[in-house]
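What follows is a single structure, written as structure tokens, with notes after it.
The values are calculated or read from the model by the stated rules, or taken from the named source; none is laboratory data. What you see is a predicted model, and the numbers here were worked out from it, not measured in a lab. Every residue, glycine among them, receives a Cβ derived from its backbone with ideal geometry; neighbour counts consider all protein chains shown. Accessible surface is based on the protein model in full, side chains and every heavy atom, while ligands, DNA and RNA are left aside. Shrake-Rupley method; radii C 1.70, N 1.55, O 1.52, S 1.80 Å.
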Amino acid sequence: SQKIEQNSEALNIQEGKTATLTCNYTNYSPAYLQWYRQDPGRGPVFLLLIRENEKEKRKERLKVTFDTTLKQSLFHITASQPADSATYLCALHMDSNYQLIWGAGTKLIIKP
Amino acid sequence: NAGVTQTPKFQVLKTGQSMTLQCAQDMNHNSMYWYRQDPGMGLRLIYYSASEGTTDKGEVPNGYNVSRLNKREFSLRLESAAPSQTSVYFCASSEQGAILETQYFGPGTRLLVL
């Protein structure tokens with residue numbers, strides 16, 4: 001069956017370090033992948049999008065990689081800050097339709 | 001711009017009661033979506049509307065109905081609520097519902113069915 005996996009355990013990172021979150025998928029061939037941030041009690045907010053033919057995408061302190069061979073995307077936050085604490089969701093999109101398939105998210109905690 | 005708004009923010013229902021969740025967007029988007037979010041699970045699509053006048057079922061449509069009232073508004077109705085429908089419901093919109101688009105979400109409605 002098709003599956004998207006994000007680490008269900010919270011990730012604790014010391015302020016200033018790089019946080020790396022993982023999104024693995026099986027039995028999909030996504031055309032592109034998106035990362036969203038969700039704060040408690042709020043809806044997800046879009047951060048970055050990467051296409052299947054792109055290896056890496058950057059935006060300020062954020063970097064996303066997409067390895068279609070490993071079926072994995074990594075999301076990096078460099079120089080992490082307590083304000084980066086949130087749940088981060090990955091979502092896949094296939095060419096066949098315009099629906100997004102969502103991971104359950106990873107909670108990131110940045111400790112001062 | 002308010003973006004995507006949802007009402008109510010919270011609701012408690014008894015089993016068998018009905019209610020309508022309201023959603024509106026002011027971004028002139030064509031496509032709108034209803035998701036539910038449950039602990040430990042990804043967002044699951046209930047219904048979507050690719051454009052005004054059209055609606056389609058998503059992954060988990062049973063027990064729900066929708067109405068695309070106009071371009072701005074997309075409502076979700078629970079005709080006879082069940083405890084399994086306890087969840088957080090998010091409405092979202094996107095420009096065309098096409099590839100490479102991002103979705104914009106409302107703040108959510110937290111529903112408890114007793």
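Summary of values
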item: Per-residue mean of C-beta atoms belonging to partner chains within 10 Å, peptide B:38-51; result: 3
item: Charge dipole magnitude, Cβ of K and R +1, D and E -1 - the protein assembly as shown, Cα centre, debye nearest 20; result: 380
item: Longest exposed-site-free window of chain A, the sites being GluC sites (Glu not before Pro) in a DSSP loop that have at most 10 other C-beta atoms within 10 Å; result: A:61-112
item: Selection of chymotrypsin sites (Phe, Trp or Tyr not before Pro), region A:24-112, meeting DSSP coil and at most 13 other Cβ within 10 Å; result: none
item: Accessible area per residue in Å² at 1.4 Å probe, computed on region A:1-71; result: 60
item: Accessible-area value, A:MET94, 1.4 Å probe, nucleic acids and ligands omitted, Å²; result: 30
item: Span from the region B:75-111 Cα centroid across to the region A:1-40 one, whole angstrom; result: 21
item: For A:LEU47, distant residues with modelled amide H under 5 Å away; result: A:TRP35, A:TYR36, A:ARG37
item: Point-charge dipole on Cβ atoms (K/R +1, D/E -1) for region B:1-78, about Cα centre, debye to 20; result: 180
item: Within 10 Å of each Cβ in A:68-78, the average number of Cβ atoms from other chains; result: 0
item: Contact order relative to length of chain A, as percent, for alpha carbon pairs under 8 angstrom and 6 or more apart; result: 36
item: Kirkwood hydrodynamic radius of the protein assembly as shown, Cα pairs, Å; result: 18.1
item: Solvent-accessible area of A:ASP84 with every protein chain in place, 1.4 Å probe, in Å² to the nearest 10; result: 10
item: Cα coordinate range in chain A, projected on the principal axes (Å, largest first); result: 43, 28, 20
item: Fraction of antiparallel bridges per DSSP, the protein assembly as shown only, in percent to nearest 5; result: 90
item: In region B:1-59, trypsin sites (Lys or Arg not before Pro) in a DSSP loop with at most 11 other beta-carbon atoms within 10 Å; result: B:LYS9, B:LYS14
item: HN-Hα J in Hz across region A:47-62 - Karplus 6.51, -1.76, 1.60, θ = phi - 60°, x for Gly and Pro; result: 10, 8, 10, 9, 8, 5, 9, 9, 8, 8, 9, 10, 8, 6, 8, 9
item: Rounded to the nearest 20 debye, dipole of chain A from Cβ charges on Lys, Arg, Asp, Glu; result: 180
item: Two-decimal log10 I(q)/I(0) for chain B, as the Debye equation yields it once each C-alpha is a single scatterer, q = 0.19, 0.22, 0.23 Å⁻¹; result: -0.93, -1.23, -1.34
